[in-house]
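Below is one structure, written out as structure tokens; the observations come after it.
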Amino acid sequence: MRTKTHLPIRNKPALAALIALTLAGSGHALAAPLGITSYSDYQTAIAGLGSETVQGFDGTAANTTLADGDSLGAVTFSAFDLGGADLQVADRQDQTTSNNNALESSFGAFVGLDGFTPTLDQPVTALGLFAITGDILSNGDLTLTIDQGSVALAVADVITGQALEDDFDFASGTGTNLYFLGLVSDTPFSSATLTSADATFSFSLDDLRWSLPKADVPLPPTALLLLAGLP
């Protein structure tokens with residue numbers, strides 16, 4: 001006859017391992033964030049997460065300046081490394097991923113070594129953005145970093161020679177290059193930092209997007225009983 005072996009509550013290492021396995025099976029596993037440089041891959045990765053929000057900068061008047069610590073909707077912009085400039089909403093007409101506005105510095109388009117930190121008003125598990133440029137960038141020219149990890153530009157995923165139109169309705173012809181950076185993390189986060197390499201290029205940013213965590217999966221009764229028994 002098979003008999004059940006009960007785990008002594010004092011066996012903390014074994015208990016911790018069991019709880020970790022239980023959490024992993026309940027959708028609570030902790031892992032390194034997934035860095036993504038393809039927009040289509042990012043959309044696949046966020047399937048099943050909570051609702052996605054997009055800040056396209058189109059609800060703000062062109063030439064609106066954002067000082068360090070200013071907010072647009074759910075996003076606060078801080079930790080500027082812009083050579084003394086602020087941020088500015090710029091009218092780029094059709095050279096954006098949605099409508100006309102994009103984000104730049106108050107000196108004009110972002111250039112190498114520019115960077116800043118967007119902070120959201122609640123924790124999220126995915127965040128991404130587009131960089132729009134007429135230049136040819138190199139691997140690593142742009143990096144998006146959160147506490148859990150980072151993603152660097154991979155130029156193999158560039159969409160080249162596109163006229164950008166509303167709702168990603170791409171048509172060829174202008175030579176604009178579109179790059180994407182995204183991070184998906186099991187561990188919720190609320191801020192990310194964008195940095196750029198020391199190189200000669202300029203770019204605008206558009207469609208900062210983020211996804212809320214998926215709804216929590218209740219822990220199995222066994223895990224709840226184990227957790228309740230911890231001293």
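Each value in this text was obtained by applying a stated rule to the coordinates, not by laboratory testing. Since we're looking at a predicted model, the values are computed, not measured. So basically every Cβ, Gly included, is an ideal-geometry build from the backbone, and we count neighbours across all protein chains shown.
In whole Hz, what ³J(HN,Hα) sequence does the stretch 182-192 give by Karplus (6.51, -1.76, 1.60; θ = phi - 60°), x for Gly and Pro? 3J(HN,Hα) across the stretch 182-192, in whole Hz: x, 10, 10, 10, 5, 9, x, 9, 10, 9, 9. The order of the peptides 195-204, 41-50 by mean Cβ neighbours within 10 Å, most packed first, is 195-204, 41-50.
Put a dot 7 Å past the Cα of D186, heading toward its Cβ, do the same for N139, and the two dots end up 2.7 nm apart. 3J(HN,Hα) couplings calculated from phi for the stretch 72-82 with the Karplus curve 6.51 cos²θ - 1.76 cosθ + 1.60 (θ = phi - 60°) are, in sequence order, 10, x, 7, 10, 10, 9, 8, 6, 5, 10, 10 Hz; Gly and Pro show x.
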